[in-house]
Amino acid sequence: MMSLTVSALLFTGCERGDHPGNIGKPAPQFTVSDGVQSADLGKLRGKVVVLNLWATWCAPCVEELPSLLAMQKELPNVAVVAISLDQDDATYRDFLARHHVDLVTIRDESARINTLYGTAQIPETYVIDRDGILRRKFVSAQNWTSPEIVDYLRRL
């Protein structure tokens, strides 16, 4: 029973800092580029999007990264877009190379996307459905390959 409760808490996340009025509404649209990678949320319509806000200096962010990478491989129809708050481009690029990060990740040193989504802490991850509707917000590191999360993403 205790493990079910813990699993439920991990899956739902803590909603501190959430804007509950945004859940069920169109996700804030954005286009962002860091000169190497870019993303336009509008062009991802028709796909489930996992929008992860993170940084290389954030230990929980780094902890959840392998499961994001694995989930992207397991669910190729889900678009993972990772937006980094890193300030130093060289440190950021070195981290991506050392950790073999092969998903779309864009450095947004202005934190414009974090502000747009009302992000209170990182990592925070938003799930956007195929119609561009914001369906879920996860606060803190998640296991993106857990059966509960994978099943949830498949059902969207």
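Quick look at the values:
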{"quantity": "Any hit, segment 107-116, residues being on the phi > 0 side of the Ramachandran plot and more than 14 Å from the chain's Cα centre (by Cα)", "calculated": "yes"}
{"quantity": "Residue within segment 94-102 that is in contact with a Ser or Thr (Cβ under 6 Å, 6 or more places away or on another chain) and in a helix (DSSP H, G or I) present", "calculated": "yes"}
{"quantity": "Of all residues making up segment 114-149, the number that are over 16 Å from Thr56 (Cβ atoms) and assigned to a helix (DSSP H, G or I)", "calculated": "6"}
{"quantity": "Residue match in segment 5-18 (condition: part of a helix (DSSP H, G or I), in contact with a strand residue (DSSP E or B) (Cβ under 8 Å, 6 or more places away or on another chain), within 20 Å of Ala111 (Cα to Cα) and modelled with pLDDT under 95)", "calculated": "no"}
{"quantity": "Which listed residue is crowded, with 18+ Cβ neighbours inside 10 Å and touching a helix residue (DSSP H, G or I) at 6+ places or on another chain (Cβ under 7 Å), from Leu96, Leu134", "calculated": "Leu134"}
{"quantity": "The lone exception for Gln87 - which of (1) exposed (fewer than 14 other Cβ atoms within 10 Å of the Cβ); (2) within 18 Å of Glu124 (Cβ to Cβ); (3) modelled with pLDDT of 90 or more it fails", "calculated": "(2)"}
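The values are calculated or read from the model by the stated rules, or taken from the named source; none is laboratory data. Everything numeric here is computed off the predicted structure, so don't read it as measured data. Here Cβ is always computed from backbone atoms with ideal geometry, including for glycine, and neighbour counts include all displayed protein chains.
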